[in-house]
Structure formats: C-alpha cells, structure tokens
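Step one of this worksheet: look at the structure below.
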Protein chains: 2
Amino acid sequence: MLDQAAEAVKRVTCIGAGPIGGGWAAHFLAQGYRVTSYLHAQSEYDALMRLLENAWTSLEEIGLAEGASMDNFSWSTDLAEACEQAEFIQESVPEILELKQGLYQTLGDIVDPRVVIASSTSGLSMTDIQTRCSTPERTVVAHPFNPPYLLPLVEMIGGEQTSPQTVEWTQKFYQAAGKAPLVMKKEIPGFIATRLQEAIWREALHMVANGEATVEQIDQAVVNGPGPRWALMGPCEIFHVGGGEGGMAYCLDQFGPALKLPWTRLVAPELTEELRNARVDGCVEMTAGQDFAALSRKMNDGLVEIAKMKRKTQS
Amino acid sequence: MLDQAAEAVKRVTCIGAGPIGGGWAAHFLAQGYRVTSYLHAQSEYDALMRLLENAWTSLEEIGLAEGASMDNFSWSTDLAEACEQAEFIQESVPEILELKQGLYQTLGDIVDPRVVIASSTSGLSMTDIQTRCSTPERTVVAHPFNPPYLLPLVEMIGGEQTSPQTVEWTQKFYQAAGKAPLVMKKEIPGFIATRLQEAIWREALHMVANGEATVEQIDQAVVNGPGPRWALMGPCEIFHVGGGEGGMAYCLDQFGPALKLPWTRLVAPELTEELRNARVDGCVEMTAGQDFAALSRKMNDGLVEIAKMKRKTQS
C-alpha cells in the first residue's frame, strides 16, 4: 500500500502460475510473506505445487526468513478473490500485450488504488501495458531473472503515467523483500540485462551460422572462460580489476584501439573523452574504498570457491 | 616433445613474467611440473614472486597435484638457458606482432624442433606470428583466460604452417595438465570467448554513451541477473534448460521473432531452418543422457551454492 511503509507489507498476490509467477511466489514465501497465487485455471495447480516444492528445497538450503512457511500460501482461480487482501501485486501472465492491457484494465478497477501492481514483463513497456488502466499511476515494470527465488535482479521502470512515488516505494519494497532492484533511467527495448545477454546470444548465433564455432564450443568458452567471473563481478569492474593498479583508465587507453577490430560483429561506439571518463569515474565510484589488491583478492577468492564447488558437484 | 606422449611432459618453460606468464607458471607448478620462467629483466623478479605466492594460496585451497611444490620453480634472464630443458614452451610476451615474430624466429632456431611452442596471444594469429620461424610446424596459439591458474579455458588454433599433429598433441598435453582446451575450427579475430565478451562490452559502452545505463547499473544487471548462470552453463545450455521440456527447439520457436527486435544493437542472423537445427542438435548432443529435470537441478543446485558463497564472503 502506497500510504504505508514499503517494509510493512505482509501480503502479496502473484498473478500467474508459470515458472516466473510460481518462482515469485516461492521467493515471497521464503521471505516470510503471506502469498496468494492467482491461477488462470485449476489445471495449473499440480505444476505450481511441484515448482514450489522444488524451490523450497533450494530456499531452505540458503536459509529462510523468520516466520517463513509454505503454510502462508493460498491460491484462487477467482481474480477478485486472489487480489482482495493484497498489499502488493506481482503480475506474471504471458507476454501478449493485449492480454496484459485487458488484465490491467480489470485490475485498475477492482484493486484498491493504493496497491502497487508490478509487471514481470521482460519486453513490453509499461507505457503500452497501462493504456486501458483507470489507475495507471500505481503500475510499474519489475522484471526478474529466472528463477526469481535464486537470482536477485529486478529491473524497474514506470510508464508515462506511472507516478515517481510508485517507483520509489516499489524499490524500497523489493529491497525489504531481499531483491536487488535496479531503477532504469529510460524505457529501452530489452531493458539492461537482456540487452547484454542478447548481444552474446546473437554473436553466438552468427558464429554457429558461419561455421566458426559449434554450440558446445560456445558453451565451453563461456563456462571455462569469462563465465565464473561474471558470477562475481560485472563486465566493468572485471576490466577495472584487469587493468591492475591503473584500473579502467589503463584498460581503456590500452584496449581502446581494439574497439576498431572485428572482435565481434557489433560495431563499437566512438570512444570519446566523455565516454572514457564516464566509464573510469563510474568504476572509481562503484569500487570506492577498495584498492586493486582488495578487488583482486575478492575476485580470486570467489573463483576459488566456484572451482571448489564445481569439483564437488561434478565428482 | 612431439615424439613423446603428451602426458609424459615433466618440464615446462614459461616465457614472460607478467600476469599471464606468471599465472601459467603458477598453474603448471600446482599441477606438479618443473617450471622455468624466462624473465626479460631481473627487475621483474619481485612482482613475479608476489604473483606466484598469491596464486599458491589459492591453489593450495583448491588442492595441489601430487608432488607439486614451489621448489620446482626456477628462472633465468637468458632465453637459451631458460629453454634448454623444456619439453613444452608457453609464450606470453606482450601483444606486439613484431616482437612475437622476432621471438619465434629466435626460438625456431635455438629450441629442439620436437618441442611445441604455444602462444598465449589473445588477438594475433599464428599464421602471422610464425612467418619468420624456421620451424613453424610446432607452433600453435593457446590463449588462456586470466588468471590461467583459476579459469581452465585454453582456445587453440594452429597457423597455416602448423602441423595437425602439433594441435592434437598440445590438446592432449593441456588435458593432462588440468586445462580445458578448445580447438577452434577457424582462425577468427578475437577467437570465441573474447568475441562473446566483446559483444557484451560494446553493448555496455553504447548504453553508457547514450545515457541508458550507468557503469554501476550494467555491473549490477550482470552480477544479480544472468552472471551466476554463466558460471555454471553456457548461453546455449541455459536456453535449452530455460525452454523446459521442449528445450532449445521450444526456445527458438518461441523467441525466434525476438531476434528482429532491437534488444541489442547487434543485428541477428536470419534464423534459417539450418541454423535452428544446428542449435537444437548441438544442445541435444551436448546434454545427451540428461533430461530437463536433471539439467534444471544442476543449474539450481549450482545457483544455491553461489548464493551461499556470496552470503558467506559478503558478510
């Protein structure tokens, strides 16, 4: 409820019972919330319960919040009933614009206007989704990564009619709910993480199409190469550490010319002084207080743990 | 030595004492080899020893091979002396074509022609490097990921004058030495892993240049989103699992149209029937014998371990 503290929410409704909707339900349950799932049809029930039980095993292993219990779960195939007591709604229905528009029209009328409705959409914009909603100011995109109970990212952005207060409140809500919300600056196709992922995916498709690499080689290249680093640090911090004492500045000055080389089919932007400085300053701020030795140790210690974990799970 | 079994090698010479050359020395020492490093100048000695000591702490934590000891390390600033007893040479000098060409000319004359000389180059082709070498048939590219003692990938490819026997023997050598060699089909700029990494890197640069994301947001998007998955599975297997029971075939048929969307600045190839089948067949072969439930469990269990590790190291 927008007139309450975001940390005070106790009841969440998850609309949709597929991998994403079910995954969200598991996450909120593990965080100690009361969760109601809306199922489009009763036939979805068995698959949802299998998903919840599988997820619960993983979540117990990581550690549940105080009071977390599968007993706090309920479900309904009646949309109004499922939303009746909701203090927050996470919507995860199929990615069909008309379907979402119709749903937001209905929700806009039947749900208390103080309740935020967040969409898990991975590609549609809230500006488009909210067009037929009578109370669009409390609707926002909140895109998780699968499975939502194991990966913390939530990419957030409002539509043209969303109120800034909704975005702020929802960011606080997710922080309290154990997620890592990322409020985007612009509505861009694919958001941030999917754009980066899609760049890899498309380069990989080109390589297979041209007979430059097999599917298996692409996967081996990632898993045995840069992949473990990406679990620990993003691509900017990795280069910042890779640059040694000189950090990102050294890296850009050294590898800047490589941006002209055909090392991927994606043409790089011009490395202007402004862009160079934005990258360098961003890295310096992001890693404030940690010198090269500390960052390097963080990376190495993480890679050691991943190497040990792989040895254990693959033996 | 090409006339010996690749598994019989006991003595390795690492040419170059920077992060890559030193990292290779640490790796081979931990695998139980006798290692000699060639230092361009004695002034490089202190930094190299710090690198080896740091690496050794990590390597002990993962587990050393039988007989592995820092006592098996020696060094020299005399190239001929450093290479005298080598049964395998790993070259990691700076990425300057002329420098490497001159070095391979010298090595080609002074090193027993049965000894393979592998280059850590991350961008140059062996066809170019070996032009002035009198014995080019035993030279090959073997590009590691940094740090070479924690990330197993070695991307391999010969130049035009490299013998197929050299590539085969060297692949076996790396397998025996605890690495994950990947023999490429073609000499392509950036090889495979760097091309994929560069695609992400360039898309990220575009986003920063256009004010669509900050440096910190890009890193958060990767670390809290797709990053942990890439430590466990490559992008193809991830989609194969993400497609549920339907696997990669379902994913391509479902998300194929998204290849036309501007989800990255990289234009995708045409998803022809042939390309679709290459991806599907590749995934089916690569995961042979593991059904969706097994693959999904492998991913989830790995993500649970990464989540636990991060909680431990970040607290």
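Values in this text are rule-based calculations from the coordinates and carry no lab data. These numbers were taken from a predicted model, which means no experiment stands behind them. Virtual Cβ from ideal backbone geometry, glycine too; neighbours counted across all protein chains shown.
The table below lists the values:
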{"item": "Sequence of A:T131, B:T139, B:T162 once ranked by neighbouring C-beta atoms within 10 Å, starting from the fewest", "result": "A:T131, B:T162, B:T139"}
{"item": "Pseudo-label separations to other copies for A:E98 - Cα-to-Cβ vector, 7 Å, nm", "result": "6.7"}
{"item": "Net charge of neighbours whose Cβ lies under 13 Å from the Cβ of B:K260, counting Lys and Arg as +1 and Asp and Glu as -1", "result": "-1"}
{"item": "Scaled radius of gyration (Cα, divided by 2.2 N^0.38 Å) that region A:1-79 gives", "result": "1.08"}
{"item": "On Cα atoms only, tilt of A:164-176 relative to the major axis of chain A in degrees", "result": "80"}
{"item": "Calculated log₁₀ intensity ratio I(q)/I(0) where the Debye formula runs over C-alpha points of region B:6-183, q = 0.11 Å⁻¹", "result": "-0.39"}
{"item": "Cα-derived Rg over Rh, computed across region B:160-315 with Rh taken as Kirkwood radius", "result": "1.00"}
{"item": "Simple spin-label estimate for B:E168 and A:R50 in nanometres, 7 Å along Cα-Cβ", "result": "4.7"}
{"item": "Relative frequency of Cα-Cα separations exceeding 25 Å in region B:51-154, percent", "result": "28"}
{"item": "Normalised per residue, the volume of the convex hull around the Cα set of region A:226-314 (Å³)", "result": "107"}
{"item": "Helix axis angle, A:273-286 relative to chain A longest principal axis, alpha carbon, degrees", "result": "70"}
{"item": "Which of A:K179, B:K10, B:K298 has the fewest Cβ neighbours within 10 Å, and the rest in rising order", "result": "B:K10, B:K298, A:K179"}
{"item": "Trypsin sites (Lys or Arg not before Pro) within region A:205-293: DSSP coil, no more than 13 neighbouring Cβ in 10 Å", "result": "none"}
{"item": "Across the identical copies, how the A:K186 labels are spaced - nm, sorted shortest first, 7 Å along Cα→Cβ", "result": "3.4"}
{"item": "Out-of-range pairs (alpha-carbon distance over 20 Å; input A:K308/B:K308; B:K179/B:K308; A:K179/A:K308; B:K10/B:K179; B:K100/B:K185)", "result": "B:K179/B:K308; A:K179/A:K308; B:K100/B:K185"}
{"item": "Estimated distance in nm for a label pair at B:L64 and B:R276, the labels positioned 7 Å out from Cα along Cα-to-Cβ", "result": "5.6"}
{"item": "Cα-only radius of gyration and Dmax that characterise region B:106-171, units Å", "result": "11.7, 34"}
{"item": "Counting all C-alpha pairs of chain B, share separated by more than 34 Å (%)", "result": "34"}
{"item": "Acute angle (nearest 10 degrees) that the helix B:97-110 long axis makes with the longest principal axis of chain B, alpha-carbon atoms", "result": "50"}
{"item": "Least to most buried among A:L182, A:L51 (fewest other Cβ within 10 Å first)", "result": "A:L51, A:L182"}
{"item": "Spin-label pair A:E95/B:E81, simplified geometry with 7 Å Cα→Cβ offset, distance in nm", "result": "6.3"}
{"item": "Of A:L48, A:L266, A:L79, the one that fluctuates the most in a GNM where chain A has Cα springs shorter than 10 Å", "result": "A:L266"}
{"item": "For B:F88, residues with placed amide H under 5 Å, excluding near neighbours", "result": "B:T13"}
{"item": "Average projection area in nm² (convex hull over Cα atoms of region B:164-253, one quarter of hull surface)", "result": "9.0"}
{"item": "Two-decimal Rg/Rh across the protein assembly as shown, once Rg and the Kirkwood Rh are taken from alpha-carbon atoms", "result": "1.01"}
{"item": "Estimated 222 nm signal from helices in chain B, with DSSP H stretches of n ≥ 4 weighted -39500 (n - 2.57), rounded to 500", "result": "-14500 deg cm²/dmol"}
{"item": "Cβ-vector label at 7 Å, A:L261, separations to other copies in nm", "result": "3.4"}
{"item": "Leading residue at positive end of dipole, the protein assembly as shown (Cβ point charges), from A:F145, A:A294, A:P113", "result": "A:A294"}
{"item": "DSSP-assigned coil residues among GluC sites (Glu not before Pro) in region B:207-292, each with at most 12 further Cβ atoms within 10 Å", "result": "B:E270"}
{"item": "Paramagnetic reach from B:D128 in region B:73-109 [backbone N under 12 Å; point 7 Å along Cα→Cβ]", "result": "B:95-101"}
{"item": "Per DSSP, loop trypsin sites (Lys or Arg not before Pro) in region B:11-116 with at most 14 further Cβ within 10 Å", "result": "B:R114"}
